[in-house]
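Visitor: One structure is given below, represented as structure tokens, and several questions about it will come after.
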Amino acid sequence: MRWFELTVFATEPSQEMVAHYLTELGAGGVSIEESWSPDKPRDTSLGQWYDKPLNDIPAGYAYIKGYFSEDADMDGIAAEMNELLKGLPEFGYDAGDFEISRAEVDEEDWAHAWKKYFKPIAVSERLTIKPTWEEYEAKPDELIIELDPGMAFGTGTHPTTALCLRTLEGAINEGDNVIDVGTGSGILAIGAIKLGANRVLALDLDPVAVSSATENVKLNGLEDRIEIRLSDLLGVLQDSGRQPGEVSSVRPPVDLVVANILAEIILLFIGDVYDVLKPGGIYIASGIYKNKEDDVASALQAAGFEIIDRVRQDDWIAFVSGKPKGEDE
């Protein structure tokens, strides 16, 4: 099968928004290649190694590529993307001197070629992500997440995902019930179970992500512990989309909610998160670039959350917030 490839050359801080726009415009998959140069720091604090080659992408920029089916209106999509990128400053982002280009590719070329750059990576003191096609011998007490992200987001290499996994490691208590909002490849849901959670309800509005997460849950043998659902958090609150007599394995209120989504989206459902948490419950919100830190902090506090911690990597922030315990707790 042939696909149209739409490539956006833009600043690294804007890449999450660009990827979001590509998905909203109908992309069946998105890939991101950042600049790598001899003077760009690489985090090796947990023993990570990198097989990503140096490239000639200008420092601070990235190529964000979206893949569209053969029947897509690429002229219209390219024109709409151009307007969206021009409007990014309204949301506090700057795509810089962006460029948009198009090409046609075979599915094999984009769906699998990137795999040679995805190697096992330690993302926390205990968690290591292992691509299914790589050989790896786990160390004692090392928790392995088997992963084939396919066309969905979430390999653990991006700071927002790594932040979430490291923060989860310190926040989860044995036996917690968890909701993962915007699960993508399912990596956070799987990580939560590996770290001691009892059950996880993983939500995503993208059917591609739901399919990918379902397969990754099977790869890790966790079908009986993780439920994947095509839904958003409001749908869970309303218990919509369920067949008569069908009951979710995880029902609110829960002990912990984790969301690795754009700050603009996080701001839309903070109240819903508060409603699905138990008193004393924890909310981990990642995907927040530094220019949105104050907005998210204010919204969390306005909803009634207490900010417990802010964990940082590069220019990204993960918030750890708590729902106050009731007077009778």
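Visitor: Scan I270, I187 and give me the residue that is among the hydrophobic types (A, V, I, L, M, F, W, C), farther than 23 Å from L300 by Cα, at pLDDT 85 or above and touching a helix residue (DSSP H, G or I) at 6+ places or on another chain (Cβ under 8 Å). Please lay out each step first, then the result.
Guide: Values: I270 fails: farther than 23 Å from L300 by Cα.
Step by step, each of I270, I187 is checked, and only I187 is among the hydrophobic types (A, V, I, L, M, F, W, C), farther than 23 Å from L300 by Cα, at pLDDT 85 or above and touching a helix residue (DSSP H, G or I) at 6+ places or on another chain (Cβ under 8 Å).
Visitor: Output the residue which, of all residues in the stretch 298-329 that are within 23 Å of L88 (Cα to Cα), touching a Lys or Arg at 6+ places or on another chain (Cβ under 8 Å) and of a type in the set (A, V, I, L, M), is surrounded by the most Cβ atoms within 10 Å (Cβ to Cβ).
Guide: So, considering only residues that are within 23 Å of L88 (Cα to Cα), touching a Lys or Arg at 6+ places or on another chain (Cβ under 8 Å) and of a type in the set (A, V, I, L, M), the one surrounded by the most Cβ atoms within 10 Å (Cβ to Cβ) is A318.
Visitor: Quick one: V296 ticks every box in (1) assigned to a helix (DSSP H, G or I); (2) touching a residue at least 60 places away in the same chain (Cβ under 8 Å); (3) closer than 20 Å to A162 by Cα except a single one, so which number is it?
Guide: (2)
Visitor: Among (1) over 13 Å from S124 (Cβ atoms); (2) among the charged types (D, E, K, R); (3) surrounded by 17 or more Cβ atoms within 10 Å (Cβ to Cβ), where does E169 come up short?
Guide: (1)
Visitor: What's the total number of residues in the stretch 71-105 that are of a type in the set (V, I, T) and either within 25 Å of the chain's Cα centre (by Cα) or surrounded by fewer than 12 Cβ atoms within 10 Å (Cβ to Cβ) (or both)?
Guide: Keep residues of the stretch 71-105 that are of a type in the set (V, I, T), which gives 77, 100, 105.
Narrowing further to those that are either within 25 Å of the chain's Cα centre (by Cα) or surrounded by fewer than 12 Cβ atoms within 10 Å (Cβ to Cβ) (or both): 77, 100.
Looking only at that region, the number is 2.
The values are calculated or read from the model by the stated rules, or taken from the named source; none is laboratory data. The structure presented is a predicted model; accordingly, all values stated were derived computationally and were not measured. Neighbour counts run over all protein chains shown; Cβ positions are idealised from the backbone, glycine included.
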